[in-house]
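Novice: Sharing a structure with you now.
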């Protein structure tokens, strides 16, 4: 793998996720999603990045959640992947857009049944009386859709980060790490090597 101005950083990002998967990592597509809250404070949480393509990095969530509200307020975000097994970090910063309803449907329909039920049962990010009350709500939803396909909740959608900046970090001895940055310049990527 050689980082250069001619390289496609999206292909490198996909390769790094594949390398993590090959290394046996449980969640090779896990990343910290950072958003800006309406009060101006940053907020981070782990998400699973389910699709990477030249269009961007896609994750799915409840649009009524804190992250969904943050993205509605300020449609910009960053992702930070860290693979300790590989000594690598990947940082992605860009603009947010919703994926198509069809893409959200397709991904939702491929989820485990209990995850589909949970998308209806959970009022994500809001207080819940107890775990038992949450599980009771899941059971109510299960009974409602018994014997039928569970439809995607309209508030459960996919978001795509269209990257403006992608940084690759490779652990080096004595903290002399390798860092390479790609910045979107129109339709092209600008490239630079960074100090550790």
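Laboratory data are not the source of any read-out in this text; all were calculated from the coordinates shown. This structure is a prediction, so every number in the text was calculated from the model and none was measured. Every residue, glycine among them, receives a Cβ derived from its backbone with ideal geometry; neighbour counts consider all protein chains shown.
Novice: Starting from the Cα of residue 72, step 7 Å toward the Cβ, then list every residue of segment 36-64 with an amide N under 11 Å from that point.
Specialist: 63-64
Novice: Here's something else I'd like to know. Can you put 138, 185, 92 in order, fewest other beta carbons within 10 Å first?
Specialist: Working: 138 15, 185 10, 92 26.
Ascending Cβ contact count within 10 Å gives the list 185, 138, 92.
Novice: How do 2, 61, 93 line up, fewest other C-beta atoms within 10 Å first?
Specialist: Listed from fewest to most nearby Cβ atoms, that is 2, 93, 61.
Novice: Same structure, new question: In the Gaussian network model of the chain, springs joining C-alpha atoms below 10 Å, which of 100, 122, 133 carries the largest mean-square fluctuation?
Specialist: Maximum fluctuation in the GNM of the chain, among the listed residues, is at 133.
Novice: Where does the Debye-calculated log10 I(q)/I(0) of segment 33-141 sit at q = 0.16 Å⁻¹, using only Cα point scatterers of equal weight, no solvent?
Specialist: Here the Debye-derived log intensity ratios amount to -0.89.
Novice: Ok, one more. Go ahead and collect, in residue order, the members of segment 95-128 whose backbone nitrogen is under 12 Å from a label point 7 Å along the Cα-Cβ direction of residue 140.
Specialist: Answer for this model: 121-123.
Novice: Right, next: Tell me, 144, 26, 67, 76 in order of fewest to most beta-carbon neighbours within 10 Å?
Specialist: On the way: 144 11, 26 7, 67 24, 76 15.
In increasing order of surrounding Cβ atoms, one gets 26, 144, 76, 67.
Novice: Here is a further query. Report the full-extension gain for the segment residue 48 to residue 131: residue separation times 0.36 nm, less the Cα-Cα distance, to one decimal in nm. Intermediate results must be reported in sequence, preceding the final value.
Specialist: On the way: separation 83, 0.36 × 83 = 29.88 nm, distance 2.32 nm.
Roughly 27.6 nm would be gained on extension.
Novice: On to the next question. How high is the relative contact order of the chain, in percent, with contacts defined as C-alpha pairs under 8 Å that are six or more residues apart?
Specialist: Reported relative contact order: 22 percent.
Novice: State the Cα centre-to-centre distance between segment 1-54 and segment 130-151 in whole Å.
Specialist: Each part's Cα centre sits 32 Å from the other's.
Novice: Quick one, which of (1) 55, 36, 31; (2) 54, 31, 29; (3) 99, 26, 22 is the actual Cα extents along the principal axes in Å calculated for this model?
Specialist: Evaluating Cα extents along the principal axes in Å on these atoms matches (1).
Novice: Per DSSP H run of n ≥ 4, the term is -39500 (n - 2.57); total these for the chain, divide by its residue number, and report the mean residue ellipticity at 222 nm rounded to 500 deg cm²/dmol.
Specialist: The per-residue figure over the chain is -8500 deg cm²/dmol.
Novice: Please find, in a Gaussian network model of the chain (springs between Cα atoms separated by less than 10 Å), the residue of 172, 94, 186 whose mean-square fluctuation is greatest.
Specialist: Looking only at 172, 94, 186, the largest GNM fluctuation is found for 186.
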